[in-house]
Amino acid sequence: MNDVVVTVRGATRTYNEETIPVHALRGVDLEVHRGDFISLAGPSGSGKSTLLNLIGGLDQADEGDVIVDQVSLSELNENQLSDLRLEKIGFVFQAYNLLPVLTAEENVGFVMQLQGMSKTERSERARETLASVGLEDLADRRPGDMSGGQQQRVAIARAIATKPVLLLADEPSANLDSGTTEELLQLLKKLNEEFGMTIVTATHDPMVMAYTSRKINLRDGAIVVST
Amino acid sequence: MPITLLAQLSLRNIVRHRRRNLMLLMAIAVAVLTVLMANTVIRGMQYDLREQTVSNLNGHIKVHAPGYLDDPSIARGFELAAGWEPKINVSEVEGWAARIRIPAVIMSERETRGIQFVGIDPAQESISFLSKAHYDGQPLNTSSDRRIIIGKEMADQLETQVGRRLVIITQGSDGLNREAGFRIAGVYDTEGTAIEKIFVFTGVTALQNMVDAIVVTEVSVRLVDDAFQLSMLDSLLRFFADLEVKTWQQLEPLAAAFFLFAESAIYLYFFIIMTALIFGLVNTLVTSVMERVHELGMLRAVGMRPGAVVMQVVIESTFIMMIGVALGLTLGWLIFQLLPPVLDLSSFSEGFEKFGMPAKIHLRLHVSDMVLITVMSMVFGVLASLYPAKRAVKISPLEALRL
């Protein structure tokens, strides 16, 4: 089995904001190994979210290549990118992005439903996953009836329920207080250590960085420190 | 494509904005109700006109001697053997009637008028308006009845009444004029004043004696159902090979044109109403989609294909349309059940009758029209959702998540 989950080679990304081009990434190289827990850190505009979006197939590099689980993203069309995100990548967003019309269990289950899993199997797995993030009692609640921390945990459950090869989290603690952040990070660490889940998170929160096993600092679209 | 998930999301989104969608549902229901009610009136007028045209001595199909329609004289008559009625397509036939119909002049003490003088066998006239007309006096008894019946309008014009005698002049088979006096047996009152002004009836044998010719000028057949017309026409063309066989549509092209126009009018009316409605539907769907751009961006980020997002908006629109149409059709059906079967426009009857239209409209609700409205509404619903759906996928998931 190949140990490398993500390879980024010479990725550049420039946004044309009105007349001034903004160089978000300038030839970044990166390898993410199976079981890594990586934080992409740096000030605003350093390119950490852009790099995370390239890895997640939400954005395309202008130059260079991004390979996820041995698939080069530059060769995929829109539907193939959607399928790759569905099958291989779990996303945790800063704003949780749960569907307000679905219950916690349905929110966790709908990605599996997109994958075509049977109702019984996804219901069982959604309940198990919610239990693993400590929310078994809130399965029937809708996001509007939950706290921010609880919503973020549902979002994590949704991201990991399909057992993706890679979990991407963009500023997962941005909207949480320190106590809830601590709980969230312990949960991510548990997923990483006990289940070997590969996690890449973009953050500027030192508390998050402290939990990760690899820290990559970006500045002006380039990696400046990698430990 | 996960249709169940898309349907579930669409339904929940409809309920989520229940007030807005309720307004939209009401608008659709009212539009459908309006179309359905207009349909019942248009269909009523359409079928009443056909019934009137068929009943006005045309039948579904009529047989004449060649040239009679250009020169309707007794010289264009044809003989019929005893037991002449063709034994063809028997189960499709409601009845046959053989008549003489020739131009004549009628005179009272005060007035003179040009008329169509028609010799009938009353026993055969169950297929024409004569069987449904109201009579002051009596209808004719037999084919040899020498009395006449005239229309109410003509009685007014001639300033005459039941029991009086009138003189009728027409051309005999030898080309010479025949003149005879006839007593009025009855005055008929039917829908449409034009008929009452033109047709005067007597027994067919009496008229044959007057013109010295044992012939008829027309044979009408009324069918059990309009659907049998083509097969019967085919049979009659072969049976009366030497005569002209024509359908009511050929004999009354204006009525036939109106019948077809009514069919188009139904589509036209539906199209106008639905086009107006579609703007409201598109507007609501665009609002609904733009409110959920972030949400739709997340769905695409986690792996929903653009086609599935389009499908979700289409399903949402289809659901709204389906509920609205069901509501409108149910309301329409209930109102139709509560309405009297005949819409009486007698207060405007003069205007109607001038156009040869009956003042009473038998409202008709066709199941096929309800199906048509449903199918067409669904098509409109899908079309209306395409623009909002395309807008939903035009924004990349990344842009959508940033909004």
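All of the numbers you see were taken from the coordinates with simple rules; none came from a lab. Since this is a predicted model, take the numbers as computed values, not measurements. Ideal geometry is used to build each Cβ from the backbone, glycine not excepted, and the neighbour counts take in all protein chains shown.
Taking the Cβ of A:Pro143 as the center, what net charge do the other residues with Cβ under 15 Å away carry, scoring Lys and Arg +1 and Asp and Glu -1? Residues close to A:Pro143 contribute a combined charge of +2.
Per residue, the convex hull around the alpha carbon atoms of region B:13-95 comes to 184 Å³.
Could you tell me which of rounded, prolate or oblate describes the protein assembly as shown, using a ≥ b ≥ c as the square roots of the eigenvalues of the alpha-carbon gyration tensor, with rounded for a/c under 1.5 and, failing that, prolate when a/b is larger than b/c and oblate otherwise? Spell out each step's value before the answer.
Working: a/c = 4.49, a/b = 3.95, b/c = 1.14.
Prolate, since a/c reaches 1.5 and a/b exceeds b/c.
Peptides B:105-116, A:193-204 ordered by packing proxy, namely the average of other Cβ atoms within 10 Å per residue, highest first: A:193-204, B:105-116. The aspartates and glutamates within cross-link reach of B:Lys87, meaning a Cα-to-Cα straight distance under 15 Å and a gap of 8 or more places when in the same chain, are B:Asp234. Per-residue packing, averaged as other Cβ atoms within 10 Å, sorts the ranges A:165-173, A:142-150, B:178-186, A:23-31 into the order A:165-173, A:23-31, B:178-186, A:142-150, beginning with the highest.
Taking every DSSP beta bridge that has both residues in region A:113-227, what percent is antiparallel when rounded to the nearest 5? Given both bridge residues lie in region A:113-227, the antiparallel proportion sits at roughly 50 percent. In loop segments of region B:53-119 as defined by DSSP, the chymotrypsin sites (Phe, Trp or Tyr not before Pro) with at most 16 further C-beta atoms inside 10 Å of their C-beta are B:Trp84. In summary, the lysines within cross-link reach of A:Lys163, defined as a Cα separation below 20 angstrom excluding same-chain residues under 8 places away, comprise A:Lys88, A:Lys119, A:Lys189, A:Lys190.
In this simple spin-label model, placing a label point 7 Å from the Cα along the Cα-to-Cβ direction at both B:Ser126 and B:Leu331 gives a separation of 4.5 nm. Take each residue of peptide B:302-315, count the partner chain Cβ atoms within 10 Å of its Cβ, and average: the result is 4. Counts of other chain beta carbons within 10 angstrom of each beta carbon in peptide A:101-108 average 2. Over region B:204-328, Cα pairs under 8 Å with separation of 6+ residues give a relative contact order of 10 percent.
For chain B, with only Lys/Arg (+1) and Asp/Glu (-1) charged at the beta-carbon, what is the dipole magnitude about the Cα centre, in debye rounded to 20? Each step should come with its number before you reach the end.
Values: 36 positive and 39 negative charges, 494 e Å.
For chain B, the charge dipole is close to 2380 debye.
Rounded to the nearest 0.05, the FRET efficiency derived from the C-beta distance between B:Ala194 and B:Thr34 at R0 = 25 Å is 0.15.
Computed extension length for B:Val90-B:Asn141: 15.7 nm, one decimal, from 0.36 nm per residue of separation with the Cα-Cα distance subtracted.
Extension gain, B:Tyr269 to B:Leu80: 0.36 nm times the residue separation minus the Cα-Cα distance gives 63.2 nm.
Note on chain A: with a GNM built from Cα contacts shorter than 10 Å, the maximum mean-square fluctuation among A:Ser118, A:Ser132, A:Ser39 falls on A:Ser118. Over chain B, Cα pairs under 8 Å with separation of 6+ residues give a relative contact order of 26 percent. Calculated [222 nm] ellipticity per residue, helices only, for chain B: -17000 deg cm²/dmol; basis is -39500 (n - 2.57) per DSSP H run with n ≥ 4, divided by all residues, nearest 500. Rounded to the nearest 0.05, the FRET efficiency derived from the C-beta distance between A:Asp29 and B:Arg16 at R0 = 41 Å is 0.35.
Based on C-alpha pairs under 8 angstrom that are at least 6 apart in sequence, region A:66-206 has a relative contact order of 30 percent.
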